[in-house]
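Heads up, the thing below is written out as structure tokens.
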Amino acid sequence: MTTQKDNSSGDENSPGEPHFLVVGQVLRPHGIRGELRVRLLTGYPEHFLQLEQVGLSQDDRAMSDVDIYDVERVRLHQAYGILKLEDVDDRDEADLLREMFVMVPLDDAVPLEEDEYYHFQLLGLTMVTEMDEIVGEVTDILETGANDVYVVNGPQYGEILVPAIASVVQEINLDTRRIIITPLPGLLPDAS
């Protein structure tokens, strides 16, 4: 079971599937011809090379204010992407895009494998034990490097951290909006 960071953007007034997925963030101009150095925020950097259009926004979660650009060229350099957008032709124009989030339409995102999920799909799901005891709602997902950690908040246990590992997470069901877990010893504090 794997999750893919997405920093999804959607209409905040209507929860559900977003329209864009964040794949990077502009760090700074690269050179003097309008290229952008991009920190990649995707598990599929090779897909970055196939982009024909991207959205740029200052907010990684807002649907409004996403500007669409045609991609002139793109390449990977060390652990970064180098992105050249049409109509961004010098360092000054590129500098105006510093810290913007680079997004792709959800329809253009890499299809996920079985048992892979985007973060936006997991946020808001109800976590329960195998005995159907409600643990709480997934409110955030932390990336630790080794595995993701679900931040779960509920009335009985308050906020707890649940590792997204196979020995704990038994099932993720998007249809029922539930995550079934087998808690590790000491994971669930005594309710008081």
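The values are calculated or read from the model by the stated rules, or taken from the named source; none is laboratory data. Note that this is a predicted model, so its numbers are computed, not measured. Heads up, the Cβs are rebuilt from the backbone with ideal geometry, glycines too, and the neighbour counts pull from every protein chain shown.
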Notebook entry, point to check: Among (1) at negative phi; (2) surrounded by fewer than 17 Cβ atoms within 10 Å (Cβ to Cβ); (3) touching a residue at least 60 places away in the same chain (Cβ under 8 Å); (4) acidic (Asp, Glu), which single condition is Asp115 missing?
Noted result: (1)
Next item on the list: Among what's in segment 139-157 and is buried (at least 16 other Cβ atoms within 10 Å of the Cβ) and touching a residue at least 40 places away in the same chain (Cβ under 8 Å), pick the residue that is farthest from Thr176 (Cα to Cα).
Entry: Asp148
Notebook entry, point to check: Mind checking whether some residue in segment 4-11 is at pLDDT 90 or above and surrounded by 14 or more Cβ atoms within 10 Å (Cβ to Cβ)?
Noted result: no
Next item on the list: Quickly run through segment 32-47 and pick out the residues that are touching a Lys or Arg at 6+ places or on another chain (Cβ under 7 Å), surrounded by 15 or more Cβ atoms within 10 Å (Cβ to Cβ) and hydrophobic (A, V, I, L, M, F, W, C).
Entry: Leu41
Check: Of the residues in segment 134-192, how many are among the small types (Gly, Ala, Ser) and in contact with a Gly (Cβ under 6 Å, 6 or more places away or on another chain)?
Finding: 2
Next item on the list: Go through (1) exposed (fewer than 13 other Cβ atoms within 10 Å of the Cβ); (2) not small (Gly, Ala, Ser); (3) not in a loop (DSSP other than H, G, I, E, B) one by one and return the number of the condition Gln50 breaks.
Entry: (3)
Checklist line | Tally of residues being in contact (Cβ under 8 Å) with a residue 60 or more places away in the chain and surrounded by fewer than 19 Cβ atoms within 10 Å (Cβ to Cβ) across segment 122-138 | finding: 1
Margin query: I'm checking my understanding of the structure. Among residues of segment 56-71 that are acidic (Asp, Glu) and not in a loop (DSSP other than H, G, I, E, B), which one is modelled with the highest pLDDT?
Written below: Asp70
Next item on the list: Any chance you could count how many residues in segment 143-166 are farther than 18 Å from Asp190 by Cα and either over 16 Å from the mean Cα position of the chain (by Cα) or in a strand (DSSP E or B) (or both)?
Entry: 8
